[in-house]
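The block underneath contains the structure these notes are about, expressed in structure tokens.
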Amino acid sequence: ILILDPRFAVALAIVLSLLVGAFVSLPKFWRTTPKGFQPQVRVSILNLVQVWQLRRTARVLETGGRGDEALLVWHQALRKNLGNVETARSLLRAALAIPQLSLRMVEDISDAPNWLLSLSGTNETDVILVARFLDRAGFREDVFALLDPLKDRLSPDGEIAYLKTLVERGASREYATRWRRYANRLETDREFALYHAVYEAAWGEGEI
């Protein structure tokens, strides 16, 4: 009777579909890190769906001006799939978009910069993105180490971060030379203006 009952057939089909779906979606079969990258990151279909939902939520929060919440959601998305380079980039961009980046926020995402550089193979664009984040976080020596090899091809944002490190290192002559060369490219940056004021107070305008 059950076999002939259409409702039983429908229920059985649903149960089997759920079992097959669970078998396919739960195991972490899909590698998302580049070939040869160690450690490998493997995710399930469920993880990919969760990441998609989290990324969508983060963008909605950013659009609504809720940057602090968006940062947390981007971090959750990265944790769900550590092999997603774009999510790592979006996380750091979200951090840079927050007017007041707290120490707690920096600590929460402190693993993201090095992880991004590992994933992208020190792509120059990502190096500058990481350097900008480290600059906001106050890690000037790390900024110098990243940007010094690229100092002849920095973007305006990268140049600002690099000039700040020169002031802190007391490299007045190099600062003066680079400031004169790139001053017309530098966007208005309130913190950089303070660094330039420090330079003028410490070494005087004669260097310029």
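The values are calculated or read from the model by the stated rules, or taken from the named source; none is laboratory data. Keep in mind that this is a model prediction, so the values were computed, not measured. As a convention, Cβ positions derive from the backbone with ideal geometry for all residues, glycine included, and neighbour counts pool all protein chains shown. Please note that ligands, DNA and RNA were not included when accessible areas were found on the heavy atoms of the full protein model with its side chains. Shrake-Rupley method; radii C 1.70, N 1.55, O 1.52, S 1.80 Å.
Structural remarks
- Size estimate for the stretch 89-147 follows the Kirkwood approach: the inverse of mean 1/r over distinct Cα pairs works out to 11.4 Å.
- The stretch 20-172, accessible surface, carbon-and-sulfur percent (1.4 angstrom probe): 54 percent
- Contact order normalised by residue count of the stretch 88-173, Cα under 8 Å, 6+ apart, percent: 25 percent
- Computed label-point distance, nm, for sites ALA145 and ARG56 using a 7 Å Cα→Cβ extension: 4.1 nm
- Between GLU86 and ARG31, the contour length at 0.36 nm per residue exceeds the alpha carbon distance by 18.3 nm.
- Per residue, the stretch 79-138 exposes 46 Å² of accessible surface when a 1.4 Å probe is rolled over the protein heavy atoms with every protein chain present.
- Mean projected area in nm² (Cα convex hull; one quarter of hull surface) for the stretch 21-156: 9.2 nm²
- Modelled spin labels at ASP152 and ARG173, positioned 7 Å past Cα toward Cβ, are 1.9 nm from each other.
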